[in-house]
Amino acid sequence: MKIYMTDSTYRYDIEALAKAIFKTDKLEETRDLDGCGPFLAIIYSSEDYALNMRALWKNEENEISEKHEIVKLLSVDERENKKQVRRRLKHLMVKTILGDESENILPWGILTGIKPSKLVHEMIQIGMKREDIRLKLESEYLISKEKINLVMQVAGLEHDFIYPPDPQKISVYLGIPFCPSKCLYCSFPTKVNAGDEMKKKYVEALAIEIKRYSKEIAPYEIETVYMGGGTPTELSATLLKEVMDVLHGTLDLSKLKEFTVEAGRPDTINEKKLSVLKNSGVDRISINPQTFNNKTLEIVKRGHTSEDVHKVWEMVKPYGFNSINMDLIVGLPGEDIPEMESTMKDVSIIRPDNLTVHTLALKKNAEMRKSSVVKMLPGEKAVANMINIAENGAVSLGMEPYYMYRQKYMLGNMENIGYAKPGKECLYNIQMMNDLQTIIAFGAGVMTKFVSLEENRILRTANYKQAKDYIDSPVEMAERKIRTKKILDNTNI
């Protein structure tokens, strides 16, 4: 599959959409269309505040289809012009290749970004009526009616949580990059079976980074704290308490609305750790079976059984956490509709407060991508049906979709959806997805996101990915954030 472009300005967007359409990473650039096999050509030129755009598609049978469009640039704002051009090029490309079949093959239309609800919020903020938003999503973005209903529902529920945005409120994320084993689908640089000494040094480095940056946080109100991984409960109860003591002793958490810890793997949870979490103000935890089918759990090297999840659930209940989430993954190898139905029966017995339904994403660094089990993955129709089963199960438990996002390499070009019972929504997840709040992140493999509401601008800064590198450099990680924040502050003057 070859791609010809007269200008590389929108290369990323065109290639991302082409990969979604053709379900392949094997795309090649070409400057010579003569005699070559299947190709997509994107050709455009400027003419007096307008763009003359063409898309040509030659398939494997040497049939050529072509569409042509002249787009007048509506704004004097260069950034808005680029958004308009990007959208029209992608629209033209999809219609040329797929025609009326686009809804079946690309349920999310021309969207290649990860945050569909953010687009809806932007339209709401400029005063568009809901019916006009629906029409635009369908006609200009080519999104299916089913996905429009979903994103409109999510955006409607999110709105009151994030508007009006408050620049004085922030969230804090802590990354704990340790796990008892590496799941086959995982691409995160997790340290598996790290020794006690390494974990101890990591917690010490985390304390140093938090303390070094604490003065920068002091003027702000911390709204949520989220401790993710890896698996944070892979730390011992003693080390978990050390992390909690550093947080409470260094940062002002008096106005905290939510404190989440991913307890993730049921094989890492015990009474001592639960006591530490509860006594430290943690009010939301996540227990993640991913599936309740033991055969699948063994295939993906999950390291626990479905029975372990039920036992841990009974252990957790007496602690009275305000909200307990469960993660599931749709599309795991060897699974189909019967396995999904079986999993949802277990979920209906446990009755969690939140249910996050992920569609399997075949990440480049995941072992699964190179494994023979990739041949066991379900097809697109099966994945779509399994997602519907999960949705129906969540709704039957009194949940509504409250946040969503998409990732690269997802089966069926689908999405991840968080469901919650009323009042049990995860505020951190909502804020993270909508880019209206600064997220200060500590630890290995994390990304800090500085948000300027005045400038409608975001600056990000990453910490070292590997735990060993991070342990050697916590002060440098804190100072990296300080420098990035200064850059943003200076642009706002």
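The values are calculated or read from the model by the stated rules, or taken from the named source; none is laboratory data. It should be emphasised that the depicted structure is a prediction, and the values quoted were computed from it without experimental measurement. Glycine also receives a Cβ, built like all others from the backbone with ideal geometry; neighbour counts cover every protein chain displayed. In case anyone asks, the SASA skips ligands and DNA or RNA and just uses the protein heavy atoms, side chains included. Shrake-Rupley method; radii C 1.70, N 1.55, O 1.52, S 1.80 Å.
Tabulated results
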{"item": "Among (1) in contact with a helix residue (DSSP H, G or I) (Cβ under 9 Å, 6 or more places away or on another chain); (2) in a helix (DSSP H, G or I), the one test that residue 83 misses", "result": "(1)"}
{"item": "Subset of the range 374-409 [outside any loop (DSSP other than H, G, I, E, B), under 17 Å from residue 332 (Cβ atoms), open to solvent by 20 Å² or more (accessible area, probe 1.4 Å) and of a type in the set (A, V, I, L, M)]", "result": "374, 376, 384, 389"}
{"item": "Which listed residue is farther than 26 Å from residue 9 by Cβ, touching a Leu at 6+ places or on another chain (Cβ under 9 Å) and open to solvent by 30 Å² or more (accessible area, probe 1.4 Å), from 103, 80, 131", "result": "103"}
{"item": "All positions within the range 339-373 that are more than 27 Å from residue 146 (Cβ to Cβ), open to solvent by 30 Å² or more (accessible area, probe 1.4 Å), part of a helix (DSSP H, G or I) and in contact (Cβ under 8 Å) with a residue 40 or more places away in the chain", "result": "367"}
{"item": "Flag for residue 292 being farther than 24 Å from residue 192 by Cα, assigned to a loop (DSSP other than H, G, I, E, B) and touching a residue at least 40 places away in the same chain (Cβ under 8 Å)", "result": "no"}
{"item": "Selection within the range 252-279 - in contact with a helix residue (DSSP H, G or I) (Cβ under 8 Å, 6 or more places away or on another chain) and of a type in the set (Ser, Thr, Tyr)", "result": "260, 268, 275"}
{"item": "Filtered residue count, the range 106-120, keeping only those that are in a loop (DSSP other than H, G, I, E, B) and open to solvent by 20 Å² or more (accessible area, probe 1.4 Å)", "result": "5"}
{"item": "Of all residues making up the range 88-97, the number that are in contact with a helix residue (DSSP H, G or I) (Cβ under 9 Å, 6 or more places away or on another chain) and surrounded by fewer than 20 Cβ atoms within 10 Å (Cβ to Cβ)", "result": "1"}
{"item": "Lone qualifier among 276, 282, 261, 309 - being open to solvent by less than 10 Å² (accessible area, probe 1.4 Å) and part of a helix (DSSP H, G or I)", "result": "309"}
{"item": "Members of the range 222-258 found to be outside any strand (DSSP E or B) and among the charged types (D, E, K, R), listed by number", "result": "234, 241, 242, 245, 252, 255, 257"}
{"item": "The range 226-254: number of residues that are over 27 Å from residue 193 (Cβ atoms) and open to solvent by less than 30 Å² (accessible area, probe 1.4 Å)", "result": "2"}
{"item": "In the range 427-473, residue nearest to residue 201 (Cα to Cα) [restricted to those that are in contact with a helix residue (DSSP H, G or I) (Cβ under 9 Å, 6 or more places away or on another chain), open to solvent by 60 Å² or more (accessible area, probe 1.4 Å) and not in a helix (DSSP H, G or I)]", "result": "472"}
